[in-house]
1. Here's a check for you: in region 79-91, which residue that is in a helix (DSSP H, G or I) and in contact (Cβ under 8 Å) with a residue 60 or more places away in the chain is most open to solvent (accessible area, probe 1.4 Å)?
2. What's the number of the condition Ile36 fails, among (1) open to solvent by 30 Å² or more (accessible area, probe 1.4 Å); (2) within 15 Å of the chain's Cα centre (by Cα)?
3. Of these, Phe94, Phe70, which one is assigned to a helix (DSSP H, G or I), aromatic (Phe, Trp, Tyr) and in contact (Cβ under 8 Å) with a residue 60 or more places away in the chain?
4. For the subset of region 109-131 comprising residues that are free of Cβ contacts under 8 Å to residues at least 12 places away in the same chain and in a helix (DSSP H, G or I), which member is least open to solvent (accessible area, probe 1.4 Å)?
5. Residue check: is Tyr58 surrounded by fewer than 19 Cβ atoms within 10 Å (Cβ to Cβ) and not in a helix (DSSP H, G or I)?
6. Quick one: Ile101 ticks every box in (1) at pLDDT 95 or above; (2) surrounded by 23 or more Cβ atoms within 10 Å (Cβ to Cβ) bar one, so which box is it?
7. Specify which of the listed residues (Val16, Val44) is within 22 Å of Pro114 (Cβ to Cβ), of a type in the set (A, V, I, L, M, F, W, C), without any contact (Cβ under 8 Å) to a residue 40 or more places away in the chain and surrounded by fewer than 14 Cβ atoms within 10 Å (Cβ to Cβ).
8. Suppose we filter Gly115, Gly134 for residues that are in contact with an Asp or Glu (Cβ under 8 Å, 6 or more places away or on another chain), of a type in the set (Gly, Ala, Ser) and modelled with pLDDT under 95; which single one remains?
Amino acid sequence: MAAQFRSNLWDPVLIVSQIIAIQCTYYVGLGVWILIFDFWMGSVHSLHQIFSDKAVDYSTTRGRLGAIAFILNSLFCAIGLWYIVGRAKQCLDFAATATTIHLVFCMLYLHHIPGSWTWWIVNIVCIAITSVLGEFACMKTEMKAIPITTSTGKSNI
């Protein structure tokens, strides 16, 4: 039987490490985008912008910029998936896990489930963008030709 790359390997340390790294990527990226928009708008920084469902309210300029920060963060997280996970078929799992962990942190911060429909829409769109772009980047890497060289150093292809 031919060995396949991580076909049946159960490595909980690797999986937990990847989850933590993706979560850190998520919050660092989101913090940077919010910080950029806060400097641009002259706003005060707070954890409320990351963990509150009111932070992505479309009725205010600050809320729209918050939603844009979440969506731009999806691009950053897709790069994180490509670099950290590197497997196309695991991108949706890690994107959904990062958003689920963010939901838990939001519930701990707010003491209730986020009730804003815009918060839910923004986060579902972010999962979709992150997983699709992450899968695309990982598939491009996975589909690269593997050079085969002989002992003389010349390629047989």
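1. Within region 79-91, the match that is most open to solvent (accessible area, probe 1.4 Å) is Ile84.
2. The one condition Ile36 does not meet is (2).
3. The unique qualifying residue is Phe94.
4. Here the answer is Ala128.
5. For Tyr58, the condition - surrounded by fewer than 19 Cβ atoms within 10 Å (Cβ to Cβ) and not in a helix (DSSP H, G or I) - is met.
6. Going through the list (1) at pLDDT 95 or above; (2) surrounded by 23 or more Cβ atoms within 10 Å (Cβ to Cβ), Ile101 breaks only (2).
7. Values: Val16 fails: within 22 Å of Pro114 (Cβ to Cβ).
One residue alone meets the criteria, Val44.
8. Answer to the selection: Gly115.
The values are calculated or read from the model by the stated rules, or taken from the named source; none is laboratory data. These numbers come from a predicted model, not from an experiment. Every residue, glycine among them, receives a Cβ derived from its backbone with ideal geometry; neighbour counts consider all protein chains shown. SASA here: full protein model, heavy atoms, side chains in, ligands and nucleic acids out. Shrake-Rupley method; radii C 1.70, N 1.55, O 1.52, S 1.80 Å.
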